[in-house]
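See structure below.
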Amino acid sequence: MSQHQKIIIDTDPGQDDAVAILLALASPDELDILGIVAVAGNVGLKQNAKNALKIVELSGLSGVKIYAGCDRPIRRTPVTAEHVHGKTGLDGPALKEPIISLEKLHGVDFLVQTLLAANEKEITICALGPLTNIAMALIREPQIAKKIKEIVLMGGGHFEGGNITPAAEFNFYVDPEAADIVLRSGVPITMIPLDVTHQALATKPRLEAIKNLSNKTGSAIFEMLTFSERFDLKKYQWDGAPLHDPCVIAYLLEPEIFDGRLINVEIEVTSELTRGMSVADYWGVTNKKPNVNYLRHVNADRYYSLLIERLAKLA
């Protein structure tokens with residue numbers, strides 16, 4: 001079990017982001033959430049920020065500060081994923097309008113100020129969406145790089161290809177320049193690609209276990225995941241949809257249920273055909289310096305057991 005870690009969650013709350021945030025909120029003994037920053041991604045920034053408020057309120061733990069960050073990628077036209085997540089980005093349960101509100105500070109300013117005030121390698125960034133906010137913070141204040149203990153991100157894919165184009169995973173495709181900046185930053189990075197998340201399938205028995213948690217959170221998550229899975233079930237024809245983003249939080253809680261290796265990963269930013277592709281040198285065919293702890297496998301049964309154990313603690 002991991003020691004107490006200070007984290008910032010950067011997110012574009014669709015359904016799987018919601019589960020990741022709830023898993024973090026349900027783990028106060030291990031994780032100290034300094035703030036949640038919304039970014040444009042699954043849907044537009046305004047709706048993503050509102051979704052973050054709704055999720056925190058659903059948990060019954062409304063003391064966490066939430067910020068809105070960048071409303072568009074660094075140099076691309078925004079791309080969103082309503083076709084997967086629904087018009088609100090969080091379709092499924094009828095979550096009420098949030099009572100809590102956003103902080104006034106811009107999300108990138110929050111990242112810069114919080115990291116500048118931290119000790120070296122003190123804060124872990126959990127990146128669940130496009131990397132725009134994190135890249136902008138690194139550009140604005142390069143000094144923050146040494147304050148970051150690690151960036152644990154959900155993004156990319158190699159053996160499994162892409163999920164928005166044949167070559168690219170959604171988060172990297174939306175803002176490939178941001179992904180490129182982050183991967184070149186020199187900050188320690190753990191990458192959780194589609195290669196891992198496609199092993200973490202929300203099968204019927206696993207969804208039933210979430211539904212049977214007999215709390216508000218469990219039934220809301222069940223409704224979210226049964227909504228968002230319809231797209232993936234049709235696309236992949238598997239017996240469950242991948243549950244991507246909670247892998248980031250699960251990795252902080254129980255890193256031993258994952259395995260991978262240190263490799264070099266670069267992001268394609270110039271090609272139209274392979275925009276946002278994560279070029280992973282998994283077999284070490286170049287002499288490029290490893291910059292990523294690239295995860296390859298997860299113990300999916302333990303991953304879902306961990307989710308069930310923790311989510312049971314929420315309202």
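Coordinate-derived values only; no laboratory data. The structure displayed is predicted, hence computed values, not measured ones. Cβ atoms come from the backbone with ideal geometry, glycine included; neighbour counts cover every protein chain shown.
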Open item on the list: With Rg and Dmax of the Cα atoms in Å as the read-out, I listed (i) 17.7, 53; (ii) 19.5, 64; (iii) 17.5, 49; which label goes with the value calculated from this structure?
Closed with: (i)
Open item on the list: For the pair residue 101/residue 159, report the inter-label distance in nm, with labels modelled 7 Å from Cα in the Cβ direction.
Closed with: 4.9
Task: Sum of side-chain charges, residue 278 neighbourhood, beta-carbon under 9 Å (Lys, Arg +1; Asp, Glu -1) - done: -3
- [ ] Mind ranking 42-55, 248-261 by how tightly packed they are, going by the mean number of other C-beta atoms within 10 angstrom, highest first?
- [x] 42-55, 248-261
- [ ] Determine, for each peptide in 156-163, 280-287, 92-99, 132-139, the mean count of other beta carbons within 10 angstrom over its residues, then list the peptides with the highest first.
- [x] 132-139, 156-163, 92-99, 280-287
Task: Student exercise, the chain dipole from Lys, Arg, Asp, Glu Cβ charges, in Debye to nearest 20 - done: 380
- [ ] Would you please put 75-86, 217-228 in order of how densely packed they are, using the mean number of other Cβ atoms within 10 angstrom per residue and starting with the highest?
- [x] 217-228, 75-86
Open item on the list: Based on alpha-carbon centroids, what's the gap between the stretch 61-78 and the stretch 151-168 in Å, whole number please?
Closed with: 21
- [ ] Could you please report the charge total around residue 267, scoring K, R as +1 and D, E as -1 over all other residues with beta-carbon less than 11 angstrom from its beta-carbon?
- [x] -4
Open item on the list: Could you check the spin-label model distance between residue 285 and residue 237? Points 7 Å from the Cα along Cα→Cβ, value in nm.
Closed with: 2.9
TODO: Using a/c under 1.5 as the rounded threshold, could you call the stretch 82-165 rounded, prolate or oblate? The axes a ≥ b ≥ c are square roots of the C-alpha gyration tensor eigenvalues, and prolate needs a/b larger than b/c, oblate otherwise.
DONE: oblate
TODO: Estimate the FRET efficiency between residue 117 and residue 145 by the formula 1/(1 + (r/R0)^6), using the beta-carbon distance for r and 22 Å for R0, to the nearest 0.05.
DONE: 0.90
Task: Three-way shape call for the stretch 1-66 based on the alpha-carbon gyration tensor, with the a/c threshold at 1.5 - done: prolate
TODO: Name the helices (complete DSSP H segments) of the chain with a Cα length along the long axis of 20 Å or more and a Kyte-Doolittle mean of at least -1.0, or state none.
DONE: 45-59, 216-236
Task: Separation of alpha-carbon centers, the stretch 216-255 and the stretch 103-150, rounded to whole Å - done: 27
TODO: Starting from the amide H of residue 5, placed 1.01 Å from N in the peptide plane, find each other amide H under 5 Å away whose residue is 5 or more places distant or on another chain.
DONE: 31, 32
Open item on the list: Shape verdict for the stretch 25-135, please, from the Cα gyration tensor: rounded (a/c under 1.5), prolate (a/b greater than b/c) or oblate.
Closed with: oblate
